Amino acid sequence: MALNLRQRQTECIARMLNLNQPINASGTANEEVYKILIYDKFCQDILSPLIHVKDLRKHGVTLYFLIDKNRKPVSDVPAVYFVRPSQQNIERIISDASNSVYDYFHLNFSSSIPRPLLEDLASGTLNSDSIQRISKVHDQYLEFVTLDDNLFTLADKSCYIRLNNPKATDREIEEIIEKLVSGLFCVLATLGVVPIIRCPRGGPAEMVASLLDQRLRDHLLVKNNLFSENGNFTSSFQRPVLCLFDRNLELSVAIQHDFRYRPLVHDVLGLRLNRLTIQGGGGMKSYELDRVDPFWVANGNLEFPEVAVEIETQLNKYKKDVEEVNRRTGGGNDGAEFDGTDLIGNTKHLMNAVNSLPELTERKQTIDKHTNIATVLLGEIKERSLDSYAKKEYEMMVRGGIDRGELLSVLKGKGSKTDKLRFAIMFLISSETIPQAEVEMVESALREAEVDTCAFQYVKKMKSLNVSLASSANAASRSNIVDWAEKLYGQSISAVTAGVKNLLSGDHQLAMARTVEALMEGKPNNNPEIESYLVLDPRAPKSSSSSGQMKGPFKEAIVFMIGGGNYVEYGSLQELARRQQQPPSSAKHIIYGTTEILTGADFVDQLAILGQKMGLGTTPSASAPA
């Protein structure tokens, strides 16, 4: 059975809400216990996409609060705490216990609680004579946010900045890597799998891979470990491959404008935790966009014009079905003699109509929701010429450049300041060499539009460093994007100078998706790009961790992007999996994760901060927000 991260995490949360008792077939505990739920902000974000208020009621949760809010004492009811293991949260739990806010405390930490904090908890409750109130303490290994069956994020903000900060110390980098490894360990523990790990050599990907490999090895030495239930599979076909990448592998995807529905909604309307708030006919409207919404699931990867057509099609089908129900229940005897048969027929049709009403109502609500979203999107597209940005950026990457007149018309035309900045950076990375005069022309146009050029200057600086380093490399290595990424991490925007044909092939498959496909096939001779990738198997002795049998093929992959991911990459990987569903016996399944989900504007902001840290660019003092 394919790995389903959303289902696994939801099951873990349900068990936690039922005081870590076994769950029956209906998804609840055999004995219903009313309880209070306490969580911190991070764990609220974990719960938000998975558990709704009605689900909390089903699990006996009558009240729920943030841990830092003032709460009144409630007696005779157990309190379920779901928080990160932090000093602040431990102090608040000790305070709640010593003040007898609740009689029974069931403590659940999102990841493994460090021993010093556990000792603080024990001594604090012992000193306040409240240790008897602590019923249970559990490490839940749930420190990640699942947004879809195959999509998760560690919600680790500004990771790209911290990893690429020229002033970062070795210890700061180590702390970031340790945090990422802890999050990935939680994902693997929830899935109950020990993967084969593949990554390019050098940079954060190898650092994360090495530390995660060691963490898994150490954990597997424990007799009753988190992975013991799943046996000791030796065949790679029974185990997933974990592919680790650094954001610098393919920078353009994080910056470009995309015209597909899901990336567009995220980029333009600010989709967060599967929720969206937009201006509707009667004021602000909030919507949920998740796997429960069939339209969103079916059409999220379509281009926006196709989505508009599909909305119209669905609306016409709905109207036709309503007319059919009305026709069947509206009589129509035209004064003929009543013989009783019509009554039986109409009664049957009426019952069918009543039964179909909830489904019709739900369809209408979905159609209305996406009509409203599409209307707001269309307004933004027209106002900012987003269709033109997406089209020209794609052409620019495919052709390796753009006509000078076209370039200037975009930079002086419609669009926000951030749109123009993103376009300018895409121009910068679209070709290996760009005449200095053209670069200066772009800089001048940006300044004229009062655009902060820090991000542009940062990419320009990184590109110049890469080009100077590349002068000693031979042409063969320059044509290989993955090899390029290995050599140039550190000053690296590896996708910048790797050559446009490596960035986008004719079918618009992303470089990352092609690399994942090659890693899953496990045929290095056919794919020299991945020949040099590291192979780590935490279940194997270190001396044999690179054995050929662990290089594939793989049916399942977990892909993790360090430094920020997006819905474009997620859609590309799901499309790759969809193309490989035949024959069913070898169907592929891919889970995509990242440190945080970023819009193009979010990522450019991070580039700008790095530019500022390096003393590059200009920040217009009187410029209005983009």
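The values are calculated or read from the model by the stated rules, or taken from the named source; none is laboratory data. None of the values given here were measured: they were computed from a predicted structure. Neighbour counts are summed over all protein chains in view; Cβ atoms, including those assigned to glycine, are modelled from backbone coordinates with ideal geometry. Areas reflect the complete protein model, heavy atoms only, side chains present, ligands, DNA and RNA absent. Shrake-Rupley method; radii C 1.70, N 1.55, O 1.52, S 1.80 Å.
For the stretch 192-204, the criterion of being open to solvent by 40 Å² or more (accessible area, probe 1.4 Å), out of contact with any Pro (no Cβ under 8 Å at 6 or more places or on another chain) and free of Cβ contacts under 8 Å to residues at least 40 places away in the same chain is met by no residue. Note on the stretch 568-601: residues that are open to solvent by 60 Å² or more (accessible area, probe 1.4 Å) and either assigned to a helix (DSSP H, G or I) or in contact (Cβ under 8 Å) with a residue 24 or more places away in the chain (or both) total 5. Within the stretch 164-181, being touching a residue at least 40 places away in the same chain (Cβ under 8 Å) and surrounded by fewer than 20 Cβ atoms within 10 Å (Cβ to Cβ) holds for 165, 166, 167. The single residue among 92, 71 that is touching a residue at least 24 places away in the same chain (Cβ under 8 Å), basic (Lys, Arg), in contact with a helix residue (DSSP H, G or I) (Cβ under 9 Å, 6 or more places away or on another chain) and at negative phi turns out to be 71. I'd like the full set of residues that are under 14 Å from residue 105 (Cβ atoms) and touching a Phe, Trp or Tyr at 6+ places or on another chain (Cβ under 8 Å), limited to the stretch 76-86. If the condition is that a residue be under 14 Å from residue 105 (Cβ atoms) and touching a Phe, Trp or Tyr at 6+ places or on another chain (Cβ under 8 Å), then 77, 78, 79, 81, 82, 83 are the ones that fit.
Of all residues in the stretch 104-132, those satisfying the criterion of being part of a helix (DSSP H, G or I), open to solvent by less than 50 Å² (accessible area, probe 1.4 Å) and touching a residue at least 12 places away in the same chain (Cβ under 8 Å) are 117, 121, 124, 125.
Listed conditions (1) over 30 Å from residue 8 (Cα atoms); (2) open to solvent by less than 20 Å² (accessible area, probe 1.4 Å); (3) of a type in the set (A, V, I, L, M); (4) in a loop (DSSP other than H, G, I, E, B) are all met by residue 142, apart from (1).
Taking the stretch 48-79 on its own, how many of its residues are loosely packed, with under 13 Cβ neighbours inside 10 Å and among the hydrophobic types (A, V, I, L, M, F, W, C)? So the answer is 1.
Being in a helix (DSSP H, G or I), modelled with pLDDT of 95 or more and among the polar types (S, T, N, Q) is true for just one of 606, 612. Which residue is that? Selected residue: 606, the only one of 606, 612 that is in a helix (DSSP H, G or I), modelled with pLDDT of 95 or more and among the polar types (S, T, N, Q). Only one entry in 309, 292, 208 is open to solvent by 10 Å² or more (accessible area, probe 1.4 Å) and closer than 27 Å to residue 42 by Cβ, namely 292.
Based on this model, can you work out whether residue 266 counts as of a type outside the set (Lys, Arg), within 25 Å of residue 372 (Cα to Cα) and either in contact (Cβ under 8 Å) with a residue 60 or more places away in the chain or out of contact with any His (no Cβ under 6 Å at 6 or more places or on another chain) (or both)?
Working: of a type outside the set (Lys, Arg): yes; within 25 Å of residue 372 (Cα to Cα): yes; either in contact (Cβ under 8 Å) with a residue 60 or more places away in the chain or out of contact with any His (no Cβ under 6 Å at 6 or more places or on another chain) (or both): yes.
Answer is yes for this residue.
Whenever a residue of the stretch 435-464 is assigned to a loop (DSSP other than H, G, I, E, B), its partners that are buried (at least 16 other Cβ atoms within 10 Å of the Cβ) and not hydrophobic (A, V, I, L, M, F, W, C), lying with C-beta atoms within less than 6 angstrom and at least six residues away or across chains, give the pairs 449/420; 451/417; 451/420; 453/617; 453/618. Without any contact (Cβ under 8 Å) to a residue 60 or more places away in the chain and either touching a Phe, Trp or Tyr at 6+ places or on another chain (Cβ under 8 Å) or surrounded by fewer than 18 Cβ atoms within 10 Å (Cβ to Cβ) (or both), is that true of residue 285? Taking the combined requirement at face value, the residue does not satisfy it.
Of all the numbered requirements in (1) open to solvent by 30 Å² or more (accessible area, probe 1.4 Å); (2) in a strand (DSSP E or B); (3) closer than 25 Å to residue 271 by Cα, residue 147 misses one, and that requirement is (1).
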